[in-house]
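Below you'll find the structure, written out as structure tokens, and then a few comments.
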Amino acid sequence: MMSPYRKSFLWCLCFCLILPIVEAVDLITSYRQEEKSARTRVFNASFLISEWIQGAMENSDYVLRDIIGHVSEEALRYPDTDPARQARITRLIEAKRITLPNAAGVGLVDRNCIVTHTNARIGVDASGREWCKSLQADPLRETFVSHLYLNKAGRLSVTQVRRFPGPGAGFHGSAGVSVDLSFFSARIAQMALGAGGTIVIADTRLGLLARKPARPDLLGTTIDHPQTRAFVASDATYASYRDRSMVDGRKRLYGVRKVDDLPFIVIVGEADSDWQASWRQRALGETVALLLLWTMAILMLRKHWALLRHQEMLSHMANTDTLAGIANRRHFMSRFQVELKHAQRHGTGLAVLILDIDHFKQINDSYGHATGDQAILACARACQAVLRNIDFLSRFGGDEFAILLSDTSVEGARVAAERLRQEILQCRIAGNTGVQVTMTASIGLAMLDAGTPDVEAALAKADAALYRAKSRGRNCIEFAA
């Protein structure tokens, strides 16, 4: 049978083991929820920026359409032979430019990609530019947006152009808008981010157009990041990943999106320290709670063990004779009930002995109660020296002792009784006058069988045998018939 100490320890251990498992499951679940929310935020932010870029480019394309609608192909001449027409068209494109918040300049080029009209410098040869080559090479392409490049004025630029219509399939000229990169930077600067968040707009060649937090020194540089490069080369329109920034070294959750039909990508990153902040507070709180619960469990276990020890002490005091240090009458009667039922159930032999110190009153009267107490102790030690571990010894009252011999035969019980008598006979007690006092004992022995009705009947048989032993002269053993 498991001891109450072991049982309570196992319950406490199970409780202490279940708590961190429950906490781990909760923290893993909440972590995944926080990560999912962060992924949703970077997805939505990249989508909004992508839509805004598309909208801005559509607005500028409407302006280019409007300009083309007011300018004929014949007017695309450099130098223009009609100064009045030159001035009128220049005023027109300047008026259109100021309606576009993203336009650094608006201009027209002829079939040879020579700038014929602009708010800047005319006569510039743009035939080597990507946007010009693209329209010249593909007659079916109506519009084009370039990648990032360094213009002749030494400024980083992106150009959006639209083809002039004309007879045949050749290139007849185009209207274009030079996009001011500060427009991108100003727009993303207005977006709310966590303290460690970042937004990047780049072209599909990974040239940096804008960044938040602003880093003007990085504009125009190439984003040399393997995962971003692989994403651009793939057919995917959106991807997310977690990585450490090569700029500031912070770990972030990134969402990368291609802008439909435009050579741009949007990268939105939310720092781990931001999206994990509430989860980390939760983890800290739950860890503190776990430690408190563990402490409470250990304290309660110690308190429970203290109560068990106190109960055991009370039980021991209630069942132990304070003088002899052996079982008392109450404990003996309880044990006798158990042993009798066991013997009756299994058919094993059970003997009960009642032992009485001879002339105990005379020892008390002649040598004092202290010597009488020594006699009780000496008798108890003598019995313990003879009896087996499975036997049960108790002080029945006064100078009487009751003994149960479990799993024994009649002959075994007689031998044990004789050894008890002989051992007590060898005892020597120092009296108060210095003389050595000897002791003898009378023993009544009764064997119990299946016909023994109860404990009282068994004790009555042994007690009757003891009485006969005393009547026969003491210092002997009588066996109950």
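The values are calculated or read from the model by the stated rules, or taken from the named source; none is laboratory data. Model, not experiment: these values are computed from the prediction. Reconstructed Cβ throughout: ideal geometry from the backbone, glycine too, with neighbour counts over all protein chains shown. Quick note on the areas: whole protein, heavy atoms, side chains included, nothing else; ligands and nucleic acids left out. Shrake-Rupley method; radii C 1.70, N 1.55, O 1.52, S 1.80 Å.
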With respect to GLU35, determine if the residue is acidic (Asp, Glu), closer than 30 Å to TYR238 by Cα, in a helix (DSSP H, G or I) and open to solvent by 50 Å² or more (accessible area, probe 1.4 Å).
no
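From the residues in the range 80-93 that are within 21 Å of CYS113 (Cβ to Cβ) and assigned to a helix (DSSP H, G or I), which one is most open to solvent (accessible area, probe 1.4 Å)?
So the first thing to find is which residues in the range 80-93 are within 21 Å of CYS113 (Cβ to Cβ), and the list is 80-81, 85-86, 89-90, 92-93.
Next, from what is left, pick out any that are assigned to a helix (DSSP H, G or I): 85-86, 89-90, 92-93.
Numbers: ARG85: 57, GLN86: 34, ILE89: 2, THR90: 41, LEU92: 36, ILE93: 1 Å².
Of everything passing the filter in the range 80-93, ARG85 is most open to solvent (accessible area, probe 1.4 Å).
If I go through the range 101-137 residue by residue, how many of them are farther than 22 Å from GLY154 by Cα and either surrounded by 14 or more Cβ atoms within 10 Å (Cβ to Cβ) or within 60 Å of the chain's Cα centre (by Cα) (or both)?
Applying the first criterion (farther than 22 Å from GLY154 by Cα) to the range 101-137 yields 110-112, 134-137.
Filter once more, so that each one left must be either surrounded by 14 or more Cβ atoms within 10 Å (Cβ to Cβ) or within 60 Å of the chain's Cα centre (by Cα) (or both): 110-112, 134-136.
Total satisfying the criteria: 6.
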Test: residue in the range 41-50 that is of a type in the set (S, T, N, Q) and within 35 Å of the chain's Cα centre (by Cα): yes
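Hey, can you tell me all the residues within the range 144-154 that are in contact (Cβ under 8 Å) with a residue 24 or more places away in the chain and open to solvent by less than 50 Å² (accessible area, probe 1.4 Å)?
Narrowing the range 144-154 to residues in contact (Cβ under 8 Å) with a residue 24 or more places away in the chain: 145-148, 150-153.
Answer for the range 144-154, where residues must be in contact (Cβ under 8 Å) with a residue 24 or more places away in the chain and open to solvent by less than 50 Å² (accessible area, probe 1.4 Å): VAL145, SER146, HIS147, LEU148, ASN151.
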Of the residues in the range 226-281 that are in a loop (DSSP other than H, G, I, E, B) and open to solvent by 60 Å² or more (accessible area, probe 1.4 Å), the one that is nearest to PHE144 (Cα to Cα) is ASP261
Scanning the range 404-414 residue by residue, those assigned to a loop (DSSP other than H, G, I, E, B) and open to solvent by less than 60 Å² (accessible area, probe 1.4 Å) turn out to be THR408
If we keep only residues of the range 187-208 that are in a helix (DSSP H, G or I) and more than 20 Å from ALA38 (Cβ to Cβ), then the residue most open to solvent (accessible area, probe 1.4 Å) is ARG187
Those residues of the range 230-289 that are in contact with an Asp or Glu (Cβ under 8 Å, 6 or more places away or on another chain), among the aromatic types (Phe, Trp, Tyr) and closer than 17 Å to PHE43 by Cα come to a total of 3
### Query
Based on what the data block shows, is LEU208 under 19 Å from ARG252 (Cα atoms) and under 33 Å from the mean Cα position of the chain (by Cα)?
no
Checked against (1) in contact with a strand residue (DSSP E or B) (Cβ under 9 Å, 6 or more places away or on another chain); (2) in a helix (DSSP H, G or I), PHE401 satisfies every condition except (2)
Q) Quick one: would you say ILE49 is open to solvent by 90 Å² or more (accessible area, probe 1.4 Å) and among the β-branched types (Val, Ile, Thr)? A) no
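Would you list the helices (runs of 4 or more DSSP H) that sit entirely within the range 301-391 and hold 2 or more residues that are touching a residue at least 12 places away in the same chain (Cβ under 8 Å), open to solvent by less than 80 Å² (accessible area, probe 1.4 Å) and over 25 Å from LYS461 (Cα atoms)? Step through it out loud before you land on a result.
Numbers: elements: 329-346, 360-367, 369-386.
Passing ranges, in order: 360-367, 369-386.
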Among residues of the range 209-221 being without any contact (Cβ under 8 Å) to a residue 40 or more places away in the chain and either hydrophobic (A, V, I, L, M, F, W, C) or over 18 Å from ARG155 (Cβ atoms) (or both), the residue least open to solvent (accessible area, probe 1.4 Å) is ALA210
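Could you please let me know if ARG77 is more than 30 Å from LEU292 (Cβ to Cβ), touching a strand residue (DSSP E or B) at 6+ places or on another chain (Cβ under 8 Å) and surrounded by 12 or more Cβ atoms within 10 Å (Cβ to Cβ)? Outline the logic, then answer.
Details: more than 30 Å from LEU292 (Cβ to Cβ): yes; touching a strand residue (DSSP E or B) at 6+ places or on another chain (Cβ under 8 Å): yes; surrounded by 12 or more Cβ atoms within 10 Å (Cβ to Cβ): yes.
Judged against the criteria, ARG77 is a match.
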Contact list, first residue from the range 454-480 and open to solvent by less than 70 Å² (accessible area, probe 1.4 Å), second anywhere and of a type in the set (Phe, Trp, Tyr), beta-carbon distance below 6 Å, six or more apart or interchain, is VAL455/PHE336
